[in-house]
Amino acid sequence: MKQLEQLEIISKPNNQHNENPHNLWDEVSRDLISHYGHALYKNWFSKIAFYERTKNNKLLLAAPSNFVRDWIKSNYFETIIKLVAHYDPEVKSVDIITKELNNFYAIGSQELQEPIKNEVKNPINLETEDDALAFLDQRFTFENFVIGPPNELAYAAALAVAESKTAVAKSNPLFLYGGVGLGKTHLMHAIAWHSKKVNPKRKVLYLSAEKFMYRFIKALRNKDVMAFKEEFRSVDVLMIDDIQFICGKDSTQEEFFHTFNAIIDNNKQMVISCDRSPSDLDNIEDRIKSRLGWGLVADVHSTTYELRVGILESKLEQMNINISQNVINFLAAKITSNVRELEGALNKVIAHSTLIGREVTLESTQDILRDLLRSNERIITIEDIQKRVANHYNIKISEMSSVRRARTVVRPRQIAMYLSKILTPKSLADIGSKFGKKDHTTVIHAVKKVEQLMAEDADVREEVNLLTRMLQN
């Protein structure tokens, strides 16, 4: 990397940056383009934005992810610091912050803006100051959500809530649950964006359960509980993320209980997300468990191979980047834990390829992700699946390869075939041979049957998801 004296300095220092601090980053950006070229600037520096210049002359820049922030800091931060110092010697320090997606996004007063001081501002146009909805990720819309059997119920329910101008009785509350990185937050943001699009005057408040608790504690400390109650109960749509956070917190549960009742009684909409179903929540009052299950409980469960392929293809289309189908298929087969890790792996592969100027190949992908792949390497065999399923349904392992047609045997056998298809790289013929030398068409029928049952029966869907998690952990 060239030192500052080797860079082509386009502009001379000026003293106008305090009046318009955006100009400082604009000048630095022009020099970065001149030195590193438009391609590198577009891929990396264009993702960095001016955020804030503090009263003690600290310049804060914002990155959309920890990955971008860390890469810039590791490779180009010294150059950025020197350029900033050249254009404005009054700046004492420079830092890059990351926008946090799961913090406090909906705001209704200046006081509510305090928790988001360290996030990238991404406001939308608001019709009225007291009906404010901001700091939602613009990528998280219904249009950008890839739909498949694991999430289609949750998607349909979320869209119905967002498109309705009043509370949806059969989906109030709408309770979304599933593991980390499977799309719950995406759907929550999408509901907020679409609700405002359908009815701009609709008051939507979205925050985490943790922020709900902190706001309640602050209201108690300031002896301003009535204002807290009025604010949270005056909205049209109240969205609370990660409700499992209030487990074991009695006072917060009490206030949530009363807030919940007030929202529902006033025919307003509640949307809640969690990492598990209401019945599986521990250290939470039974009356709250009961209310959480009043409306529609929709799970966002583990992705299928086909859905992961669709997610990768959609992501590449948004980025306007082409890579070979065998690389896409490889990533979809190997990165199975969650969507967040899958997209992170894709970003890492593309970033590495862009920096060194080489085409993305299967070999380069394997090399770049070798540490990640090693940590995800959990070899699941068909025998493992048969044992786990047989034990779960209390049947003999020998029944997996028998010709018995009793329903108590056929259903577990079909589920084991389905799991073998999505959790192992084996061909349909290989899978059939492990189940009593059955034809590959029998396996295809079993897979389709289980997919149909999962779409129609929540109990079957939960059983299959549970078995999947048990096998992967």
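A few notes on this one:
- Scanning segment 433-473 for residues that are free of Cβ contacts under 8 Å to residues at least 60 places away in the same chain, surrounded by 14 or more Cβ atoms within 10 Å (Cβ to Cβ) and not hydrophobic (A, V, I, L, M, F, W, C) returns SER433, LYS434, GLY436, LYS438, HIS440, THR442, HIS445, LYS449.
- Conditions (1) of a type outside the set (Val, Ile, Thr); (2) in contact with a strand residue (DSSP E or B) (Cβ under 6 Å, 6 or more places away or on another chain); (3) more than 24 Å from SER195 (Cβ to Cβ): number failed by GLU254: (2)
- Test: GLY357 is small (Gly, Ala, Ser) and touching a residue at least 12 places away in the same chain (Cβ under 8 Å): no
- Of all residues in segment 229-248, those that are open to solvent by less than 30 Å² (accessible area, probe 1.4 Å) have Cβ atoms under 7 Å from Cβ atoms of residues that are aromatic (Phe, Trp, Tyr) and not in a strand (DSSP E or B), 6 or more apart or on another chain, in LEU238/PHE232; ILE240/PHE212; ILE246/PHE256.
- Leading residue by the ranking (least open to solvent (accessible area, probe 1.4 Å)) among those in segment 181-224 that are touching a Lys or Arg at 6+ places or on another chain (Cβ under 7 Å) and β-branched (Val, Ile, Thr): VAL204
- Counting only residues that are part of a loop (DSSP other than H, G, I, E, B), open to solvent by less than 50 Å² (accessible area, probe 1.4 Å) and over 26 Å from LEU342 (Cβ atoms), segment 34-72 holds 3 of them.
- LEU83 more than 23 Å from the chain's Cα centre (by Cα), assigned to a strand (DSSP E or B) and modelled with pLDDT of 85 or more: no
- Residue in segment 152-180 that is most open to solvent (accessible area, probe 1.4 Å), counting only those that are within 28 Å of LEU342 (Cβ to Cβ) and in a loop (DSSP other than H, G, I, E, B): VAL180
The values are calculated or read from the model by the stated rules, or taken from the named source; none is laboratory data. This is a predicted model, so every value here is computed, not measured. When we count neighbours, we look across all protein chains shown, and the Cβ atoms used for this are built from the backbone with ideal geometry, even at glycine. Heads up: the accessible areas ignore ligands, DNA and RNA and are worked out on the full protein's heavy atoms, side chains in. Shrake-Rupley method; radii C 1.70, N 1.55, O 1.52, S 1.80 Å.
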